[in-house]
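Heads up: the structure comes next, in structure tokens.
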Amino acid sequence: MGTVPASNLRNFTILGHSGSGKTTLTDAIAFKLGLNDRLGSVDAGTSISDTNDEEKSRKISIFANSFMGNYKAGDTEYRLAFIDTPGAPDFYGAVRGAVRASDAIVIAVDAASGIEAGTIRAWHTCKAYGVSTVAFVVTGLDKENTDFLATVAAIREHFGTGCCPLTVPAADGVANILDMGEVPAELEESYTALAESAAESSEELMNKYFEEGTLSADEIRGGLRDAVASGSTHPIYVVKALQGDGVDAFLSSVCRLFPAPGARKFADKDGNEVKADAAAPFVAQVWRTAIDTFVGQLSYIRVLSGTITPGMALQNNTTGSKETASSLLQVFGRKQVPVESAGPGEIVAIPKFKDVHTGDTLCAVGTATVMPDIDYPQPVMLMSVHAKTQADEDKLGTAMKRLSDSDPTLHFVKDEETKEIVMKGLGDVHIDVAVALMKLQSNVNVDLTVPKVAYRETVTGKGEGHYRHKKQTGGHGQFGEVYLRVMPKAEGEEEWFVDKTVGGSIPGNFMPAVQKGLMEGLLKGAVAGYPVQGVKVEVYDGSFHPVDSSEVAFKIASSRAFREAMAQAKPTLLEPIMTVKITIPDTYMGAITGDLNHRRGRVLGMEMDDGMQVVTAEVPMAELFQYPAQLRSLTGSRGSFEMELARYDVVPGNISQKIVAARQDELKIEDE
């Protein structure tokens with residue numbers, strides 16, 4: 001873009017734990033690049049990144065916001081594209097999209113808090129997405145009881161000795177370790193590690209290092225670029241953002257050491273590399289969708305190959321739709337600046353697409369490339385949504401679509417069993433923000449309640465049922481008689497229906513009607529009217545009338561015979577059991593396991609992962625609806641978890657009685 005060549009573009013995303021200083025660092029960079037006329041502040045609500053009312057009131061980032069600006073390092077002009085991301089696990093979906101759009105990652109580490117769950121999650125995300133260039137920025141050194149060297153030691157302990165400081169605190173602010181005439185004793189090990197990493201980048205430097213035992217600062221800088229791009233070295237920087245100390249040193253190093261577009265290899269779904277060539281056919285991926293109050297939908301794209309200009313015809317290879325890039329925008333907080341073109345590595349927003357969603361691949365017409373989908377975390381928080389008024393009910397569908405289009409981690413599902421609309425998100429804050437956005441974007445007000453659990457029923461013994469359906473109404477009557485047995489279906493057994501009739505007691509042409517009746521019976525069990533699973537039905541006898549028998553008669557007879565048999569087969573209630581993986585600092589281990597026991601949970605195992613405890617347990621879903629908020633309270637926001645359905649299991653008797661009583665009251669209301 002402009003006069004800056006693609007080789008001088010640097011694209012990176014800032015990750016880290018919530019409160020680690022990512023947005024404050026973003027404000028300092030934006031101010032240095034001239035994107036803002038003053039240094040923004042999260043506390044004062046003037047941050048260039050956190051511009052949404054929810055972000056300002058909560059003082060956390062909710063969305064991933066991108067910025068671009070020029071920076072001069074020495075005599076060379078560079079262009080920086082960078083993204084500020086949320087640190088709270090409730091909004092980690094935004095991180096996944098931002099990492100897909102990045103060539104490099106910068107992880108913020110607060111010196112006062114050290115390595116936290118979000119720090120480790122950020123590191124794992126980089127590795128999962130194949131981003132090799134990862135650097136660290138130590139923040140918060142202006143706080144009491146902070147120690148830069150201790151923070152460096154913690155980073156190296158968790159993420160390897162390839163993590164080496166490049167800038168360090170100094171009496172007059174921040175100093176580059178390579179510019180020090182004499183390296184302090186406590187930094188000699190790091191300086192040696194930098195020299196060794198640089199030496200490994202070329203045979204010439206390796207020979208010199210072996211011969212002389214050292215390399216010059218310029219030689220180390222030259223060799224480090226390959227080491228940083230390959231991921232063998234991860235530089236550590238110091239930035240005191242509020243004072244402006246270390247910002248220039250950090251940006252200069254980013255310009256010199258971070259790779260240009262093309263170093264990170266992007267491949268399509270078929271494994272074909274998409275080369276970062278401005279002259280190649282245009283390929284881009286949508287990594288974020290935003291709803292602007294005035295403009296409408298904004299699709300943020302990372303250009304992977306080729307060049308895009310306003311008015312360009314595009315095809316969406318994910319949906320097959322045809323689109324037009326009406327205009328290209330750079331979005332800086334609330335400012336939207338039109339631009340004339342964008343090439344590989346650049347990030348722009350495009351308004352008013354017809355049928356474009358997050359993760360979609362946009363290409364020049366005639367290009368068949370399709371990029372892999374963005375892998376988002378699965379929901380862990382469920383709430384039932386109820387419109388407050390009929391007017392809200394009429395607009396609810398539109399509001400839900402807007403939210404789910406802009407946030408792929410937010411799901412709305414109509415539960416056919418409970419007849420509820422269930423909102424699924426990554427945490428209670430995520431759900432609260434979604435409700436606020438419904439009001440802001442669509443003027444829809446809703447109430448939230450704990451969802452009903454989709455229980456099931458099964459049998460633990462054998463039971464027999466018989467029903468004769470006989471009805472005479474003048475002319476042809478109705479007649480059908482069915483005898484059957486119900487029993488538990490063996491594990492691995494596929495067939496649930498067995499015809500054991502002999503001698504034509506039920507003619508074959510009526511057997512499909514018998515099966516239909518049984519399937520209707522499976523929808524409403526004998527305990528509390530929940531769907532039935534895990535049962536086997538044997539129809540062994542019956543009778544018919546040559547004139548009055550009909551499909552309807554046998555359907556009714558089999559359904560009622562099933563109800564009688566199930567009531568005799570020791571029916572029981574089943575509940576969904578979830579497998580949960582909880583990541584916490586070791587100090588919270590006792591509180592978490594005790595809480596799991598209180599929730600009827602069963603701990604399956606514990607293991608260490610990068611200094612964090614990962615507890616795997618099985619917990620009934622009914623006990624997890626409010627768990628995200630309670631986990632945050634128990635761990636001071638330092639814990640996270642994920643869950644998936646494991647199986648259905650028997651509900652304990654004392655709890656089953658309460659569920660059945662509540663269900664009977666519910667069914668009475670429905671009947672009325």
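FYI, it's all coordinate maths here, none of it is from the lab. Given the structure is predicted, the values throughout are model-derived calculations rather than measurements. Heads up, the Cβs are rebuilt from the backbone with ideal geometry, glycines too, and the neighbour counts pull from every protein chain shown.
Numerical summary
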{"quantity": "Karplus-derived 3J(HN,Hα), 6.51/-1.76/1.60, for each residue of region 34-48, Hz, glycine and proline x", "calculated": "x, 7, 9, 7, 8, 6, x, 9, 5, 4, 7, x, 10, 4, 6"}
{"quantity": "Prolate/oblate/rounded label for region 381-449 (Cα gyration tensor, a/c 1.5)", "calculated": "rounded"}
{"quantity": "Computed over region 407-489: relative contact order in percent, which uses C-alpha pairs under 8 Å that are six or more apart", "calculated": "19"}
{"quantity": "In region 398-471, GluC sites (Glu not before Pro) in a DSSP loop with at most 12 other beta-carbon atoms within 10 Å", "calculated": "Glu416"}
{"quantity": "Residue order, fewest to most surrounding Cβ atoms within 10 angstrom, among Thr26, Thr579", "calculated": "Thr579, Thr26"}
{"quantity": "For region 255-381: rounded, prolate or oblate by the Cα gyration tensor [a/c cutoff 1.5]", "calculated": "rounded"}
{"quantity": "Burial ordering of Trp287, Trp496, Trp123, fewest other beta-carbon atoms within 10 Å first", "calculated": "Trp496, Trp123, Trp287"}
{"quantity": "Rounded to whole Hz, the Karplus (6.51, -1.76, 1.60) HN-Hα couplings of region 386-399, x for glycine and proline", "calculated": "9, 5, 6, 10, 5, 4, 5, 4, 5, 9, 4, x, 5, 4"}
{"quantity": "Expected 222 nm ellipticity per residue - DSSP helices of 4 or more, -39500 (n - 2.57), all of the chain, to 500", "calculated": "-9000 deg cm²/dmol"}
{"quantity": "Relative contact order of region 461-569, defined on C-alpha pairs under 8 angstrom at six or more residues apart (%)", "calculated": "47"}
{"quantity": "Protection-proxy order for peptides 596-606, 193-203, 111-121, each taking the mean of Cβ atoms within 10 Å per residue, highest first", "calculated": "111-121, 193-203, 596-606"}
{"quantity": "FRET efficiency, Asn445 to Ala662 (Cβ-Cβ, R0 45 Å, nearest 0.05)", "calculated": "0.95"}
{"quantity": "Amide H partners (placed H, <5 Å) of Ala241, local residues excluded", "calculated": "Gly140"}
{"quantity": "Placed amide H near Gly542: partners under 5 Å, 5+ positions off or other chain", "calculated": "Tyr483"}
{"quantity": "Stretchable slack from Met608 to Ala267, in nm (0.36 nm times residue separation minus alpha-carbon distance)", "calculated": "119.5 nm"}
{"quantity": "Helix 22-32 vs. the chain, principal-axis angle (Cα, 0 to 90°, nearest 10)", "calculated": "40"}
{"quantity": "Whole-angstrom Cα spans of region 461-569 along principal axes, big to small", "calculated": "46, 31, 18"}
{"quantity": "Nearest-ten-degree value, helix 428-442 long axis tilted from longest Cα axis of the chain", "calculated": "90"}
{"quantity": "Relative contact order (percent, whole number), the chain, Cα cutoff 8 Å, 6+ residue spacing", "calculated": "10"}
{"quantity": "Residues with amide H under 5 Å from that of Leu328, placed H, sequence gap 5 or more", "calculated": "Val339"}
{"quantity": "Pairwise FRET efficiency - Met589 versus Ala150, Cβ, R0 = 30 Å, nearest 0.05", "calculated": "0.80"}
{"quantity": "Sequence of Thr458, Thr85 once ranked by neighbouring C-beta atoms within 10 Å, starting from the fewest", "calculated": "Thr458, Thr85"}
{"quantity": "Residue-by-residue Karplus 3J(HN,Hα) for region 623-632, coefficients 6.51, -1.76, 1.60, Hz, glycine and proline x", "calculated": "8, 10, 4, 9, 5, x, 5, 6, 5, 4"}
{"quantity": "Between 0 and 90°, nearest 10: helix 511-522 axis offset from the chain longest Cα axis", "calculated": "60"}
